[in-house]
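Read the structure below first, then the notes.
The values are calculated or read from the model by the stated rules, or taken from the named source; none is laboratory data. Just so it is clear, the model here is predicted, and its values are computed rather than measured. So basically every Cβ, Gly included, is an ideal-geometry build from the backbone, and we count neighbours across all protein chains shown.
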Amino acid sequence: MINLLPPEQIKELKEQENFKILVNIFLLILFFLFSFFLILLSIKFYLSGKLESQKILLEKGERILDLEKEKKIKKYNEILSRIENFYQKKISLFPKAENFFEKIPPAIYLNEFELKIDKKGEISFWVLGFSKTRENFLDLIKILKDNYKEVSFPPEILLKEAEINFSISFKIK
């Protein structure tokens, strides 16, 4: 093709073509930057939504943990109040048991000893032992009946003359 235009116009046309290319490149860069800004903005909204949902879940978890802690605290408070009630009753077991052991005749041997406190706060003893003679056993029964209440033992024990294995239960007055 033959170009019949003067060189000035050819130069002008080249400049216009270069200008159009530059405008197109500028518009493409501008469009890219605007798209990139929109992408970053959408990522920001997505992450802030995720962060807000995690925050709500954490608050809910904290409330659940607080309820569990509150239940544990109530449980421990209940245990402590029971312990406090027990100490307020001030049932001294050891002096009473010591008193019992002092009253046992020397010829009586104890094999087992059990001590219980019922819901009314009464202390009951159960003793399993051995006596060489019936007289020693009767002395023990007399001492127990004088000092304690509800003394009970199997009556067939009294039929033996010597070497008596016995069990006795009684309550403290």
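Condition check ((1) in the same structural domain as I141 (by TED's automatic domain parsing); (2) outside any loop (DSSP other than H, G, I, E, B); (3) surrounded by 10 or more Cβ atoms within 10 Å (Cβ to Cβ)) across all residues:
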site: K14; (1), (2), (3): no, yes, yes
site: E52; (1), (2), (3): no, yes, yes
site: R63; (1), (2), (3): no, yes, yes
site: P105; (1), (2), (3): yes, no, yes
site: E112; (1), (2), (3): yes, yes, no
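Take the conditions in a helix (DSSP H, G or I) and not assigned by TED's automatic domain parsing to the domain that holds K119 and apply them to L41. Does it pass? So L41 passes the test. Return yes or no: is F100 surrounded by 10 or more Cβ atoms within 10 Å (Cβ to Cβ) and at pLDDT below 85? Criteria met by F100. Annotation note: of K14, K71, K55, K50, the sole residue that is within 22 Å of the chain's Cα centre (by Cα) and of a type in the set (K, R) is K71.
Within the range 159-173, being surrounded by 11 or more Cβ atoms within 10 Å (Cβ to Cβ) and part of a strand (DSSP E or B) holds for A162, I164, N165, F166, S167, I168, S169, F170, K171, I172. Assessment of the range 116-127 against the conditions (farther than 15 Å from F101 by Cα, at pLDDT 80 or above and surrounded by 15 or more Cβ atoms within 10 Å (Cβ to Cβ)) yields no matching residue. Of the residues that make up the range 80-96, is at least one surrounded by 10 or more Cβ atoms within 10 Å (Cβ to Cβ), in a helix (DSSP H, G or I) and touching a residue at least 40 places away in the same chain (Cβ under 8 Å)? Looking through the range 80-96, at least one residue is surrounded by 10 or more Cβ atoms within 10 Å (Cβ to Cβ), in a helix (DSSP H, G or I) and touching a residue at least 40 places away in the same chain (Cβ under 8 Å).
For the range 120-146, the tally of residues that are out of contact with any helix residue (DSSP H, G or I) (no Cβ under 7 Å at 6 or more places or on another chain) and either assigned to a strand (DSSP E or B) or among the acidic types (D, E) (or both) stands at 12.
Residues are listed down the side, and each one gets a yes or a no for (1) among the β-branched types (V, I, T); (2) closer than 26 Å to E122 by Cβ; (3) not assigned by TED's automatic domain parsing to the domain that holds E102:
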position	(1), (2), (3)
N136	no, no, no
D139	no, yes, no
K142	no, yes, no
K145	no, yes, no
V151	yes, yes, no
L158	no, no, no
A162	no, no, no
N165	no, no, no
